[in-house]
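Student: The structure under discussion is supplied below as structure tokens; questions concerning it will follow.
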Amino acid sequence: MKSLALCLVLLLPLAGCPTAATPTPPTAPGFSSQADQTMDQVLVGARTFYVSIQKKVTAGTYTPSAAEKTALNTFASALNTAESVYLDYHNGTATQAQAQTAVDSVSSQQTTLQSTITTGAK
């Protein structure tokens with residue numbers, strides 16, 4: 001009987017603890033939810049990307065082709081729209097779905113744009 005109890009005691013650590021759910025990280029001050037914060041982060045990153053390209057164009061270190069100019073203008077328009085819809089959501093006058101759709105569009109366009117613009121802009 002002692003050996004059975006000893007085996008159980010020795011095997012217990014092998015069973016481990018039940019896996020705890022990953023805790024949701026707290027949102028930063030000023031955000032109503034994780035979705036609110038995440039959409040803001042995506043838009044800040046997209047704006048930073050766009051501004052970095054504009055600086056290279058202004059400095060003369062990058063000259064986009066006609067197709068790239070069109071893509072950049074389309075991206076800028078989508079970014080401006082998404083930022084407006086996101087701010088409406090953040091202030092309670094648009095739905096999360098509306099904001100998420102606009103942010104997803106910007107994210108998708110940014111991914112496409114990053115893969116199509118010339119190396120000089122990256």
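Just so you know, all these numbers are worked out from the coordinates, no wet-lab data involved. Because the structure is a prediction, the values reported are computed rather than measured.
Student: What is the gain in length, in nm to one decimal, between ALA66 and GLN98 on full extension, counting 0.36 nm per residue of separation less the C-alpha to C-alpha distance?
Tutor: Answer, rounded to one decimal: 8.4 nm.
Student: For segment 88-104, just list the computed ³J(HN,Hα) in residue order, Karplus coefficients 6.51, -1.76 and 1.60, θ = phi - 60°, integers in Hz, with x standing in for Gly and Pro.
Tutor: 4, 4, 4, 8, x, 10, 9, 7, 4, 4, 5, 5, 5, 4, 5, 5, 4
Student: If I stretch the segment between THR116 and THR22 completely, what's the gain in nm (0.36 nm per residue apart, minus their alpha carbon distance), one decimal?
Tutor: 30.1 nm
Student: Residue by residue, what Karplus-based ³J(HN,Hα) values in Hz, rounded to whole numbers, does segment 44-61 have, using 6.51, -1.76 and 1.60 with θ = phi - 60° and x for Gly and Pro?
Tutor: 4, x, 5, 5, 4, 4, 5, 4, 5, 5, 4, 5, 5, 5, 4, 6, x, 8
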